[in-house]
Amino acid sequence: MKTQVRGKVNFIKHTILGVMFGAISFTANAHVGTHLEGGEASIVTLKLRDYTVGLRHLISEGYDIAGVDVEHHTVDVVIGKGVMAELRALELGSIVNTKNIDPQVAPDSGYTTYTELTAILNDYRSRFPGIVSVQSIGKSHEGRDIWAVKISDNVEVEENEPVVFFNAMHHAREVMTTEIALDIIDQLTNSYASNSRTQNWVNSNAIWVVPMVNPDGNNKVWTANNMWRKNTREGYGVDINRNYPYAWGTCNGSSGSSYSDTYRGPSAGSEPETQAMMSLVGRIKPVLSISYHSYSELVIYPYGCDGEHTPDRETIEGVGRQLASRLPKDGSSGSYDPGTSWELLYAVDGGDIDWYYNEHHVLPYVIEVNSTSQGFQPPFSWRQKTVEKNRAGWSFMIDRLSQSGVRAHVSVGGKLADAGTVTLTSVSQGAQSTDAGRVYTVKADGTFHIVVEPGMYKLTVAAGGQSETREIMVGGERRDLVFNL
Ligand SMILES: [Zn+2]
């Protein structure tokens with residue numbers, strides 16, 4: 001199959017369509033990466049003179065940014081035929097490498113296709129029926145089921161356990177991320193019978209994995225264009241990870257042009273893939289999550305708009321630093337760099353993690369796996385090393401569920417509360433907590449779970465017109481409490 005031809009006629013057609021659908025303002029960028037002209041493209045590595053300014057300039061010009069090397073201030077840009085002169089003319093730095101690629105070559109056959117994924121997940125379900133359930137959380141534009149896997153003991157029963165959530169492949173070309181998600185499932189199931197740590201994880205928590213958020217895009221990667229990033233809406237596609245409703249389209253962290261690789265879509269949460277993820281997260285309400293992307297060797301946390309931090313900054317940064325420190329870089333010494341996207345890269349709006357945090361108080365992280373030298377689709381022989389390395393990251397997140405934090409069951413008049421608020425104030429002596437006075441909600445199952453750093457806290461739980469205040473000490477282990485209001 002042919003890649004999409006990016007020409008004048010096509011552009012005009014799209015502009016008219018865009019106007020007809022009342023959508024969008026178009027910027028006429030001829031160099032948008034995933035709409036590559038037949039078979040000729042390059043990944044250009046630029047060493048930026050000013051890293052921050054250079055990245056933002058590239059974004060504003062509509063370039064497709066594949067990845068960065070934060071340490072060496074280089075950026076990889078995917079460009080189509082004849083765009084090199086235009087890129088040079090921006091004078092943002094020096095070109096240190098140019099790799100010609102053929103977008104029509106399928107990835108290394110070892111990587112998992114959607115069809116294979118479906119079979120693999122069914123296989124886990126039949127081999128481990130007691131601890132694995134597989135369900136469709138919705139259908140993609142083209143009608144493919146988006147699969148979610150739940151791993152827990154008594155897997156068919158809702159046990160009000162702490163939830164951790166892993167997902168992969170919002171972006172179609174990031175094929176290694178699905179391999180990491182599959183490795184999580186593989187490790188948790190195959191070592192369940194023999195490994196007491198795994199048993200403890202699976203028995204006391206609910207672990208959810210969505211290995212391929214974007215099956216349509218992935219199909220396109222295999223059949224037409226290995227640099228495809230978005231879903232396949234109307235052919236041009238939407239960047240699912242710019243489509244979530246929180247701060248959608250508000251801070252130049254996405255594009256209004258359907259040609260752009262960061263096109264945010266016609267409206268907030270417009271995409272079926274986004275909606276499937278939102279409804280899953282709303283249902284399972286994770287405590288912690290990791291969204292896997294590639295590449296750049298980063299750990300990213302909310303918020304995505306320039307200058308913004310969450311009110312839980314202290315906790316989010318603390319967990320983020322610990323997560324990053326467990327992931328050694330491949331190309332150089334040191335470990336992954338933690339930060340918000342605007343600190344490490346550029347502004348992002350409509351990203352999944354901002355919505356998870358803002359809407360459901362998840363502490364959510366993006367991990368950008370793989371270095372610039374590995375790129376999106378390194379030879380499949382890299383897989384084993386990559387998935388093994390990433391075990392330290394997701395293991396830490398599962399362990400973190402039982403570490404410093406507060407979890408409680410709340411009843412009103414003997415029945416589990418189905419709503420309520422929790423106000424948490426740090427009263428630690430000497431600590432300047434930024435988490436003071438935060439308000440959380442009691443989930444519909446009568447529980448709440450708040451991850452905090454160790455310290456003294458004042459906790460007020462209010463539900464059903466009743467309330468109770470306690471002062472509690474949180475150490476290295478989670479405090480499990482019961483409130484009968
Ligand atoms: Zn990505």
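Specify which of the listed residues (Arg326, Arg321) is surrounded by fewer than 21 Cβ atoms within 10 Å (Cβ to Cβ), in contact (Cβ under 8 Å) with a residue 60 or more places away in the chain and away from the ligand (no atom under 16 Å from the Cβ). Write out each step before concluding.
Details: Arg321 fails: in contact (Cβ under 8 Å) with a residue 60 or more places away in the chain.
Of the residues listed, the single one that is surrounded by fewer than 21 Cβ atoms within 10 Å (Cβ to Cβ), in contact (Cβ under 8 Å) with a residue 60 or more places away in the chain and away from the ligand (no atom under 16 Å from the Cβ) is Arg326.
Test Ser333 against the stated conditions and say whether it is assigned by TED's automatic domain parsing to the domain that holds Ser254 and either buried (at least 18 other Cβ atoms within 10 Å of the Cβ) or within 18 Å of Ile290 (Cβ to Cβ) (or both). I'd like the intermediate steps shown before the answer.
Values: assigned by TED's automatic domain parsing to the domain that holds Ser254: yes; either buried (at least 18 other Cβ atoms within 10 Å of the Cβ) or within 18 Å of Ile290 (Cβ to Cβ) (or both): no.
Judged against the criteria, Ser333 is not a match.
For Val75, indicate whether it is surrounded by fewer than 17 Cβ atoms within 10 Å (Cβ to Cβ) and aliphatic (A, V, I, L, M).
no
All but one of (1) surrounded by fewer than 20 Cβ atoms within 10 Å (Cβ to Cβ); (2) under 30 Å from Pro107 (Cβ atoms) hold for Arg313; which doesn't?
For Arg313, the exception is condition (2).
Residues Ser255, Ser267, Ser191: which one is small (Gly, Ala, Ser) and in contact (Cβ under 8 Å) with a residue 24 or more places away in the chain?
Numbers: Ser267 fails: in contact (Cβ under 8 Å) with a residue 24 or more places away in the chain; Ser191 fails: in contact (Cβ under 8 Å) with a residue 24 or more places away in the chain.
The match here is Ser255.
Taking the condition farther than 30 Å from Ala276 by Cβ and in contact (Cβ under 8 Å) with a residue 60 or more places away in the chain, does Ile101 pass? It would help to see each step written out before you state the result.
Numbers: farther than 30 Å from Ala276 by Cβ: yes; in contact (Cβ under 8 Å) with a residue 60 or more places away in the chain: yes.
Here the answer is yes, as Ile101 does meet what is asked.
From the list Gly67, Gly54, Gly110, exactly one residue is farther than 30 Å from Asp145 by Cα and touching a residue at least 12 places away in the same chain (Cβ under 8 Å). Which is it?
Values: Gly67 fails: farther than 30 Å from Asp145 by Cα; Gly110 fails: farther than 30 Å from Asp145 by Cα.
After applying the criteria, what remains is Gly54.
Report yes if Phe165 is of a type outside the set (S, T, N, Q), buried (at least 19 other Cβ atoms within 10 Å of the Cβ) and touching a strand residue (DSSP E or B) at 6+ places or on another chain (Cβ under 7 Å), otherwise no.
Answer is yes for this residue.
Among the numbered conditions (1) surrounded by fewer than 19 Cβ atoms within 10 Å (Cβ to Cβ); (2) closer than 22 Å to Gly54 by Cβ, tell me where Asp349 comes up short.
Evaluating Asp349 over (1) surrounded by fewer than 19 Cβ atoms within 10 Å (Cβ to Cβ); (2) closer than 22 Å to Gly54 by Cβ leaves (1) as the failure.
Looking only at segment 100-113, decide whether some residue is out of contact with any Pro (no Cβ under 9 Å at 6 or more places or on another chain), more than 19 Å from Asn226 (Cα to Cα) and outside the structural domain of Ile185 (by TED's automatic domain parsing).
No: zero hits.
Looking at (1) at pLDDT below 95; (2) within 17 Å of Val287 (Cα to Cα), can you tell me which one Gly430 breaks?
The number of the failed condition is (2).
Looking at segment 262-279 only, could you name the residues that are in contact with a strand residue (DSSP E or B) (Cβ under 8 Å, 6 or more places away or on another chain) and more than 21 Å from Ile65 (Cβ to Cβ)? Show your work before the answer.
First, the residues of segment 262-279 that are in contact with a strand residue (DSSP E or B) (Cβ under 8 Å, 6 or more places away or on another chain): 262-264, 272-273, 275-277, 279.
Within segment 262-279, Pro272, Glu273, Gln275, Ala276, Met277, Ser279 qualify.
Can you name the residue in segment 96-119 that is hydrophobic (A, V, I, L, M, F, W, C) and buried (at least 17 other Cβ atoms within 10 Å of the Cβ) and is also modelled with the highest pLDDT among such residues? Break it down into steps so the answer makes sense when it comes.
If we filter segment 96-119 for residues that are hydrophobic (A, V, I, L, M, F, W, C), which is where we start, we get 96, 101, 105-106, 117, 119.
Still in the running and buried (at least 17 other Cβ atoms within 10 Å of the Cβ): 101, 117.
Working: Ile101: 92, Leu117: 98.
Among them, the one singled out is Leu117.
Can you name the residue in segment 329-346 that is under 27 Å from Thr274 (Cβ atoms) and in a loop (DSSP other than H, G, I, E, B) and, of all such residues, is nearest to the ligand (Cβ to nearest atom)? Step through it out loud before you land on a result.
Here is the first cut: in segment 329-346, the ones under 27 Å from Thr274 (Cβ atoms) are 336, 338-346.
Checking the rest, the ones that are also in a loop (DSSP other than H, G, I, E, B) come to 336, 345-346.
Working: Tyr336: 15, Leu345: 11, Tyr346: 13 Å.
Checking each candidate, the answer is Leu345.
If you scan segment 230-286, which residues turn out to be in contact with an Asp or Glu (Cβ under 6 Å, 6 or more places away or on another chain), within 16 Å of the ligand (Cβ to nearest atom), part of a loop (DSSP other than H, G, I, E, B) and within 23 Å of Phe165 (Cα to Cα)?
Of everything in segment 230-286, those that are in contact with an Asp or Glu (Cβ under 6 Å, 6 or more places away or on another chain), within 16 Å of the ligand (Cβ to nearest atom), part of a loop (DSSP other than H, G, I, E, B) and within 23 Å of Phe165 (Cα to Cα) turn out to be Lys230, Asn231, Asn243, Tyr244.
Please find, among Ala168, Ala172, Ala206, the residue that is within 16 Å of the ligand (Cβ to nearest atom) and either outside the structural domain of Thr372 (by TED's automatic domain parsing) or under 19 Å from Val134 (Cβ atoms) (or both). Walk me through how you get there before you give the answer.
Details: Ala172 fails: either outside the structural domain of Thr372 (by TED's automatic domain parsing) or under 19 Å from Val134 (Cβ atoms) (or both); Ala206 fails: within 16 Å of the ligand (Cβ to nearest atom).
Answer to the selection: Ala168.
Go through (1) touching a residue at least 40 places away in the same chain (Cβ under 8 Å); (2) within 30 Å of Gln135 (Cβ to Cβ); (3) not in a strand (DSSP E or B) and name the single condition Ser291 misses.
Among (1) touching a residue at least 40 places away in the same chain (Cβ under 8 Å); (2) within 30 Å of Gln135 (Cβ to Cβ); (3) not in a strand (DSSP E or B), Ser291 violates only (3).
Run down Pro302, Pro311, Pro338, Pro286 and say which single residue is in the same structural domain as Ile180 (by TED's automatic domain parsing) and closer than 24 Å to Gly375 by Cβ. Before the answer, list the steps.
Details: Pro302 fails: closer than 24 Å to Gly375 by Cβ; Pro311 fails: closer than 24 Å to Gly375 by Cβ; Pro286 fails: closer than 24 Å to Gly375 by Cβ.
Pro338 is the lone residue from the list that is in the same structural domain as Ile180 (by TED's automatic domain parsing) and closer than 24 Å to Gly375 by Cβ.
Within segment 209-229, restricting attention to residues that are away from the ligand (no atom under 16 Å from the Cβ) and not in a loop (DSSP other than H, G, I, E, B), which residue is farthest from Arg283 (Cα to Cα)?
Going through the qualifying residues, I end up with Thr223.
Considering only segment 347-466, give the strands (runs of 3 or more DSSP E) lying wholly within it that have at least 3 residues that are within 16 Å of the ligand (Cβ to nearest atom) and touching a residue at least 60 places away in the same chain (Cβ under 8 Å). Steps first, answer last, please.
On the way: elements: 363-369, 405-412, 421-426, 438-441, 447-451, 455-463.
Of the strands (runs of 3 or more DSSP E) lying wholly inside segment 347-466, those with at least 3 residues that are within 16 Å of the ligand (Cβ to nearest atom) and touching a residue at least 60 places away in the same chain (Cβ under 8 Å) span 363-369.
The values are calculated or read from the model by the stated rules, or taken from the named source; none is laboratory data. For clarity, every value in this text was computed on a predicted model and none was experimentally measured. Positions of Cβ are backbone-derived with ideal geometry, glycine not excepted, and every protein chain shown enters the neighbour counts.
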